[in-house]
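Q: Before I ask anything, let me first share the structure, which is written out below as structure tokens.
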Amino acid sequence: MEIWKLCVLFFCAFLGGTAIFLVKSDKSKLLKLILSFSGAYLFAITVLHLIPDAYSGPDKWQIGIFILIGFLFQIFLEQFSEGVEHGHIHKHHDGHVFPFGIMISLCLHAFLEGMPLAKEQHNELIFGISLHHIPAAFALASILMQNHFKKGSIIFYLILFAIMAPLGFYVSVGLSNGTIGGLDAYFNKIMGIVIGIFLHISTTILFESSADHKINTRKMIAVLLGIGVALIGFFTGH
């Protein structure tokens with residue numbers, strides 16, 4: 001993979017988190033629009049690119065099982081992350097309390113998402129992961145700030161989160177090359193798990209963030225833009 005793609009993965013997460021230091025007022029409406037765009041884009045690339053690719057292998061009859069595993073695994077992770085993956089920011093304890101559950105589940109989530117990138121050069125997948133890591137990193141930084149962490153500590157934990165997807169890529173390269181065990185046969189299954197995660201996150205973003213399940217005009221425009229960008233990539237790439 002070209003180095004710029006790894007840089008996109010890293011810097012979208014890192015800069016998305018450090019943006020917390022620039023926000024001087026409530027930007028929740030803007031964050032919801034960004035979430036709507038990223039959720040629609042993520043859902044569209046999953047349907048247009050990832051699912052057809054995952055079902056193209058010889059073990060395609062098993063892929064649905066792994067999609068379900070990924071979907072359920074994301075539900076399990078959110079018991080600890082509290083929905084930070086899709087930009088949810090909750091009030092936390094007063095004092096210097098480190099949110100271990102949130103940090104560990106976010107890092108594991110990002111690591112798994114980076115793994116399928118080694119098999120094929122999925123530009124859409126790279127941008128989809130990068131987009132939805134922006135609000136996740138922002139929410140993580142917000143929680144750490146609420147818990148009175150110093151700026152240097154917040155930046156350190158953002159870097160740790162930001163390197164997880166590139167690290168997942170490098171580990172999967174080792175797997176595919178036989179360096180770490182030669183598990184290339186499992187790549188479509190890993191992709192199935194990531195598809196399940198993406199389906200859960202994207203649908204949660206699209207439906208949970210709307211009051212009374214009603215979509216206002218600005219959110220609808222953001223959703224249509226997200227789907228439109230994915231469709232452009234679909235038609236130009238085929």
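Coordinate-derived values only; no laboratory data. All values reported here derive from a predicted model rather than from experimental measurement. Because the Cβ atoms are built from the backbone with ideal geometry, glycine has one as well, and the counts that use them run over all protein chains shown.
Q: If packing is taken as the mean number of other Cβ atoms within 10 Å per residue, what is the order of 144-150, 14-20, highest first?
A: Result, highest mean first: 14-20, 144-150.
Q: Report the FRET efficiency, 1/(1 + (r/R0)^6), for residue 203 and residue 160, where r is their Cβ-Cβ distance and R0 is 25 Å, rounded to 0.05.
A: The value I calculate is 0.35.
Q: Residues of the range 128-158 with amide nitrogen under 16 Å from the 7 Å Cα-to-Cβ point of residue 234?
A: Taking a point 7 Å out along Cα→Cβ of residue 234, the residues of the range 128-158 whose backbone N falls under 16 Å are 128.
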